[in-house]
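Here's the structure we're looking at; comments come further down.
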Amino acid sequence: MTTYADFLQSKAAVDPATGLREIPALNPKLFPFQRDIVRWALRRGRAAIFADCGLGKTPMQLEWAQHVPGNVLILAPLAVAAQTKREGEKFDIPVGVARSQADVAGKITVTNYEMLDRFDPSQFQGIVLDESSILKAHDGATRNAIIESFAATPFRLACTATPAPNDHMELANHSEFLGAMSRTEMLAMFFVHDGGDTSKWRIKGHGREDFWKWVCSWAVMLRKPSDLGYEDDGFRLPGLGIQSVVVDAPKDGLSTLFPVEAQTLQERLAARRESIDARVRVCADLVNATDEPFLVFCNLNDESDRLRRGIAGAVEVKGSDPHDQKERNLLAFANGEIRVLVSKPRIAGYGLNLQHCSKMAFVGLSDSYEQFYQAVRRCWRFGQVNPVTAYVITCETEGRVVENIKRKERDAQAMARDMVANMHEINEEAIKGVERDRATYTELEVSGEGWKAHQGDCVEVIKTIPDESIGLSIYSPPFASLYTYSNSDRDMGNSKNEAMFFEHYQFLIREKLRVTQPGRLSAVHCMNLPMSYQRHGEIGIIDFRGRIIKAHEEAGWIFHSEVCIWKDPVTAMQRTKALGLLWKQLKKDSTMSRMGIPDYVVVFRKPGENDNPVRHTPDEFPVAQWQRWASPIWDDINPSDTLQFRSAREHEDERHICPLQLEVIRRALVLWSNPEDLVLSPFMGIGSEGVVALEQGRRFVGIELKSSYYSQACANLAHAKRLNVSLFDAPA
């Protein structure tokens, strides 16, 4: 059986290294920061290098590939394969360009993403994704094919300048490829969504530090060498000027006195089509007025065709061209053999080194900031010696597409600063061996008349409770990853999936059986859990209650009874905006409509004879009360009948504290315990179970991990009814 310490070590949100233990001497032509990153990536085995354009991702990935034990396949954007081979020659690293498995001849082979289906992944011990953010640009089938094809490849490297230009969630693509954590697991562990918009996720406030620590266990990010404490000599970008050129809307066909700005995507596309001639004319005038190299990006086929015809000497690279022709023309422009290249960002906007060119034009924009950023960085990159000018040519009726891109740029810059700031210290530790302070686990204890409260890990603290000393335990466990209250690995709610949660929970269930008196009970408050498209791939319900029952039975408990607690579906709908509860869903498709999710109290009995029966007299327990309490559904529980909790909430708490209703605790204590019995809550929260236990003449021992909840629980217990008894004395 795994020890608890071993389990916590395995649960830590850090992807373990699987690479080389002994790192050989590395290429002296690399810069110091490049050598250190390669050394780190080889130790990691499965790693991501998020380095800005021009920082040398290609020589780093080639040096990494050279030391991987076995053959390595590099997947690269179109026309980048030839540039990779040429870069290998500079660093004395042989690289073969192949179009199929039959062409593979040497240790390192580079090919285009489009050729993946012609290769046998099992023949390679290493895989490199060059410009790995291209995963986002590909359709889901291609993305999944890449991830699934190399799931068993021992050495994996992902290299890109833009892992997530304005969306943290795109880091999941890299995490899945590297095998660090699936998208579903990442969502459960670190992210939360607000209200009804389940497509927008953000990092949990208290999980931010652990999220970046986890990312840094498999990725390094830098915008410039000084982000990792190195000198920036030779790595300073030239100036970048983005000039917005707005053309007038065509007068023909206007049905209003003034041009109307497009609001919808369809209106914006129509505005672009109507203004093609005007935008192409402006671009052609700009390009024809100079003899410098010019890179022209567009989004529509008509734009591309008219630009080719309107610009002297322009060569068009379009999606329908044969791969050989596309690659030949892209390389010809990179080599200076073509002065003007016209293409789309998704074709020529990734991976290519085009710093010989410092003039660019965008004849219209899509709303994809990543495409715009990547396209600009083909020219504006380390190694560019001239200031770069990019003309953005749009029509006045296209809407606020430029403002939208600028907003996304601000968001991306803020996120990049956030990523570098959060990753800097941990990355520097990993790359350069700088030590950081480590947090330590501590326990506290406060007691009063009839109660004792422990701050600490319930699995650790419960070991100090004597065998068969507990008369009843009652509590709400964390609801898997639905409610996460702290960033500690000791918090059961910090689980990347349900299996990890129940593996953690089993340590407590077994200890709880040990400390409970024979024949006595444990009452567990729970609910079934909603499923979402983003986290689970489907909308439905997880039978969390049933799995709690199964976990207890596997540990030796007997499933004794249960009660269903009614909850108002209107309140739940207003709070969660769950699709299944929305009235409008009935009109759309009522097969997706469902009932509200109630609470349950499931009760388990420890095998053996109860030597201290719980008896009631008719005066204490009238038959009418029993008939009401014996109902399998309690519909008379006031959801607001809870302890005050707001002072226990911290500013980074993502979920409201959900204290168990006092009447539910009261009924459980009256039904299933004797006066002066010792009552246990291993998830004490703010002390609800303890306060009711003391008021009902019982004794109480509680455990809470989170310090703010613990402090509030101690205050609540101190003001509850007090008894002059010793905690572990046998009941009178």
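The values are calculated or read from the model by the stated rules, or taken from the named source; none is laboratory data. Just so it is clear, the structure is predicted and the values come from calculations on it, not from any experiment. Every residue, glycine as well, gets a Cβ built from its backbone with ideal geometry; the counts of neighbours run over all protein chains shown.
A few comments on the model shown:
- Qualifying residue in region 70-77 (condition: part of a helix (DSSP H, G or I), surrounded by 23 or more Cβ atoms within 10 Å (Cβ to Cβ) and modelled with pLDDT of 95 or more): no
- Filter result for GLU63 (without any contact (Cβ under 8 Å) to a residue 60 or more places away in the chain, part of a helix (DSSP H, G or I) and farther than 30 Å from ASP491 by Cα): yes
- Only one of the numbered conditions (1) assigned to a helix (DSSP H, G or I); (2) buried (at least 18 other Cβ atoms within 10 Å of the Cβ) is not met by PHE50, and that is (1).
- Where a residue in region 96-119 is farther than 17 Å from ALA65 by Cβ and its partner, wherever it lies, is among the aromatic types (Phe, Trp, Tyr), with Cβ under 8 Å and at least six apart: SER100/PHE119; GLN101/PHE119
- For region 658-702, a tally of residues being assigned to a helix (DSSP H, G or I) and among the acidic types (Asp, Glu) returns 3.
- All helices (runs of 4 or more DSSP H) inside region 313-383 with 3 or more residues being of a type outside the set (S, T, N, Q) and within 35 Å of the chain's Cα centre (by Cα): 345-348, 369-376
- Region 144-163, subset farther than 23 Å from PRO16 by Cα and assigned to a loop (DSSP other than H, G, I, E, B), residue modelled with the lowest pLDDT: THR162
- Test: residue in region 23-41 that is closer than 19 Å to ARG156 by Cβ, aromatic (Phe, Trp, Tyr) and part of a helix (DSSP H, G or I): yes
- Within region 170-185, the set of residues being outside any loop (DSSP other than H, G, I, E, B) and not charged (D, E, K, R) comprises LEU171, ALA172, ASN173, HIS174, SER175, PHE177, LEU178, THR184.
- Residue in region 122-143 that is of a type outside the set (S, T, N, Q), assigned to a loop (DSSP other than H, G, I, E, B), modelled with pLDDT under 90 and closer than 21 Å to ARG381 by Cβ present: yes
- Checking MET169 against (1) over 18 Å from the mean Cα position of the chain (by Cα); (2) farther than 21 Å from LEU222 by Cβ; (3) of a type in the set (A, V, I, L, M, F, W, C); (4) modelled with pLDDT under 85, the condition it does not meet: (1)
- Selection status of ALA17, in contact with a strand residue (DSSP E or B) (Cβ under 9 Å, 6 or more places away or on another chain) and not assigned by TED's automatic domain parsing to the domain that holds GLU176: yes
- Identity of the residue in region 585-633, among the β-branched types (Val, Ile, Thr) and not in a helix (DSSP H, G or I), that ends up nearest to ARG514 (Cα to Cα): VAL603
- Scan of region 540-572 for residues that are over 25 Å from PHE501 (Cβ atoms) and touching a residue at least 12 places away in the same chain (Cβ under 8 Å), ordered by number: TRP566, ASP568, PRO569, THR571
- Residues in region 684-698 that are over 11 Å from TRP451 (Cβ atoms) and surrounded by 24 or more Cβ atoms within 10 Å (Cβ to Cβ): GLY685, ILE686, SER688, VAL692.
- Selection within region 296-312: residues that are in a strand (DSSP E or B) and either among the charged types (D, E, K, R) or at pLDDT 95 or above (or both). The member of this set that is farthest from PHE372 (Cα to Cα) is VAL296.
- Note on region 325-363: among residues that are surrounded by fewer than 19 Cβ atoms within 10 Å (Cβ to Cβ) and of a type in the set (Gly, Ala, Ser), the one that is nearest to PHE235 (Cα to Cα) is GLY336.
- Within region 53-62, tally of residues that are at pLDDT below 90 and buried (at least 24 other Cβ atoms within 10 Å of the Cβ): 1
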